[in-house]
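I have placed the structure first, in the form of structure tokens, so that the comments after it can refer back to it.
The values are calculated or read from the model by the stated rules, or taken from the named source; none is laboratory data. Note that this is a predicted model, so its numbers are computed, not measured. Here the Cβ positions follow ideal geometry from the backbone for every residue, glycine too, while neighbour counts run over all protein chains shown.
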Amino acid sequence: MLPKKTRTKADLQAHAARIRQIGIEKGRLGGRVKGFITAATIEKRKEEAAVNSVLLSRAKEIAAAQLMPALGQQYIFKLEEEINDKGKIISREHVQVDDPSEIASALGFIAAGGVDPQGVYYYITTKEPDWRAAEAIFNRIFGKAREQVDVNVEHSFSLSSLLEARKQLELDRGDIAIQVSHTEIDPP
């Protein structure tokens, strides 16, 4: 067999065929030869490597985005009003501020009372932390905690009494009573 770096697909296929034939001669069934990788697998691994490199380059941002719901979130909104010629408000809309420079200036206006020189009103609203997001993060870090459920249930009925009640119900409804033979299994 040729060294790994000089193997071609045809070489690998020929080697696989030889190994398969030897296996059949020895009474074993064939299968994929150890170390043989298909073209589809190679392509998939290249795509996974490309995705992983993008994710690793932005790992801090992704982690911060996952932490936001767990810690709670703050949003800055501005109140945009449309005013007619007579000075009456026609419409009012609450718009979330996304532009980083506008957020920086809005924080200054909020500290000073919430209104900028153009008369736009800014305010901050918050969203409570999501415990499920925090739980998911901790499960990834420390592993999922063991959860136990108590399955010991005490009952105050016996199977024979349930069977008798069923028979009586069928008789009361006028159904044909089903003959069931049973053995007493409940303790006295």
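Numbers below:
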read-out: Residues satisfying the stated conditions in segment 14-43, i.e. surrounded by 12 or more Cβ atoms within 10 Å (Cβ to Cβ) and either modelled with pLDDT under 65 or hydroxyl-bearing (Ser, Thr, Tyr) (or both); value: GLY30, VAL33
read-out: Criterion: among the small types (Gly, Ala, Ser) and closer than 30 Å to VAL97 by Cα - qualifying residue of ALA134, ALA165; value: ALA134
read-out: Given (1) at negative phi; (2) over 39 Å from the mean Cα position of the chain (by Cα), number of the condition VAL95 does not satisfy; value: (2)
